[in-house]
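Enquirer: Here it is: the structure, laid out below.
The values are calculated or read from the model by the stated rules, or taken from the named source; none is laboratory data. This one's a predicted model, so the numbers in the text were calculated from it and none came from an experiment. In this analysis, Cβ positions are derived from the backbone assuming ideal geometry, glycine residues included, and neighbour counts consider all displayed protein chains. We work out accessible area using only protein heavy atoms, side chains counted, and drop any ligands, DNA or RNA first. Shrake-Rupley method; radii C 1.70, N 1.55, O 1.52, S 1.80 Å.
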Amino acid sequence: MTRASQQDNDHDPKRRRLLRRAATVAATTAGAGVAGAVGMPGAAQADAGGNLIMGTTNDAGGASTTLTHTDSPLVLANPAGAPLRLVPSSGLYPHVLDSEAGTVAVDDQGDLFVRAGTDANPTNGWAWTSEWATTSVAVPPTRILDTRDANLRRNIVSGSLDSLGRLQPGVPIVLALDPYVRDGYAIKGNVTVVGMTGAGVLTVWGSGTKPTASTVNWATAGTILSNFLFTELGAVGAYRSVLTLQATSSPTHAIVDMTSLLVGHPSQVLLGGGA
């Protein structure tokens, strides 16, 4: 291609019109809490009538710069880093909701907005990210507490049991699951009460103020009862993944078996202390 033909392409009105359209899409995505990949305010732009020079500051002033491509696919590569950069923005809504199909944006909370479908029948949605979504990772059934067994009381980091190793009414114990998970969100499993001296209630939660809801209820002594457990994990001091257990009315032994952990990413599951 001659230098003259190259210049003609650079200044082709149709080319710049398509680039302007791409810039508009990127700016619209900013409305959804998104940062524009191309042509967003603050992104690289060409001087009016000039070439876009990567790695430098480009200012188009009041004019728009468009990126167009007639063959498929169009690949933007950056061997020195990520090929696409979305800059979080707090000023994306609500106009991103009316952007063109194919728009991708990220807001200042880290949520990734996707405008899918077609322009005639678009759909708005959110991409899964570990910023706000979770994934349930099944683990081998693991007993993380059995107050009848001194070895299975090793995860207790706060609170006290009675002389027989039972939960005392009104006295919470805190169970640290940090050997199993890093900054876990929740746990699924099973909780069992046994060896109680009378009617009572067991509540299991993460941390903080005890909720009014119960996990297991029993009416008489000498009963063995189990219930499915699905509860948020909390944090106490240096421990980032804890469960709190508290009995009311009567002492009881408690057993907790873990079958799944909810995390932002599977790599958070450690399961290093499984029994």
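Enquirer: For F230, F113, write out the residues from largest to smallest accessible area, computed with a 1.4 angstrom probe and no ligands counted.
Expert: Heavy-atom accessible area, descending, gives F230, F113.
Enquirer: Can you work out the FRET efficiency for the pair T123 and S214, with r the C-beta to C-beta distance and R0 = 45 Å, to the nearest 0.05?
Expert: Here the calculated transfer efficiency is 0.60.
Enquirer: Something else now. Counting only heavy atoms of protein chains, what accessible area per residue, in Å², does the range 93-180 have with a probe of 1.4 Å?
Expert: Result: 52 Å² per residue.
Enquirer: I want the local charge near G91. Using Cβ-Cβ distances under 10 Å, sum +1 for each Lys or Arg and -1 for each Asp or Glu among the other residues.
Expert: Surrounding charge for G91 is -2.
Enquirer: Give me the distance in nm between label points sitting 7 Å out from Cα along the Cα-to-Cβ direction at A199 and L164, one decimal.
Expert: 2.0 nm
Enquirer: For the range 188-232, report the translational diffusion coefficient in µm²/s to the nearest whole number, using Stokes-Einstein at 20 °C, 1.002 mPa s, and a Kirkwood Rh over Cα pairs.
Expert: 191 µm²/s
Enquirer: Shifting gears a bit: Please check which bits of the range 155-197 a label hung off T223 would reach, taking the label as a point 7 Å along Cα-to-C-beta and the cut-off as backbone N under 20 Å.
Expert: Under cut-off, by backbone N: 166-171, 190-197.
Enquirer: Compute the distance from the alpha-carbon center of the range 233-275 to that of the range 81-141, in whole Å.
Expert: One Cα centre to the other: 31 Å.
Enquirer: Kindly provide the pair-distance distribution of the range 73-176 built from C-alpha pairs, with 5 Å bins from 0 and whole-percent values in order of increasing distance.
Expert: P(r) over the range 73-176, rounded to whole percents: 2, 9, 12, 12, 10, 8, 6, 5, 7, 9, 9, 7, 3, 1, 0.
Enquirer: OK, next. Kindly report, to the nearest 10 Å², the accessible surface of W126 as traced by a 1.4 Å probe over protein heavy atoms only.
Expert: My reading of the accessible area for W126 is about 130 Å².
Enquirer: Give me the tail of P(r) for the range 220-275 as a percent: Cα-Cα pairs with distance above 17 Å.
Expert: Result for the distance tail: 55 percent.
Enquirer: Still on this structure, please answer the following. Ordering L161, L261, L152 by accessible area with a probe of 1.4 Å, largest first, what comes out?
Expert: In descending accessible area the options line up as L161, L152, L261.
Enquirer: May I ask you to give the percent of accessible area on the range 197-242 that is carbon plus sulfur, with a probe radius of 1.4 Å? Intermediate results must be reported in sequence, preceding the final value.
Expert: Details: 1400 of 2500 Å².
The nonpolar share, carbon plus sulfur, comes to 56 percent.
Enquirer: Sort V96, V201 by heavy-atom solvent-accessible area, probe 1.4 angstrom, most to least. Before the final figure, lay out each step's value.
Expert: Values: V96 0, V201 40 Å².
Final ranking, largest accessible area leading: V201, V96.
Enquirer: Let me ask something else. How much length, in nm to one decimal, is gained on full extension between R153 and Q109, taken as 0.36 nm per residue of separation minus their Cα-Cα distance?
Expert: That pair, R153 and Q109, stretches by 11.9 nm at full extension.
Enquirer: Follow-up question, since we're still on this one. For the range 119-164, what % of the accessible area comes from carbon and sulfur atoms, probe 1.4 Å?
Expert: 49 percent
Enquirer: Roll a 1.4 Å probe over the protein heavy atoms and report the accessible area of T220 in Å², nearest 10.
Expert: 80 Å²
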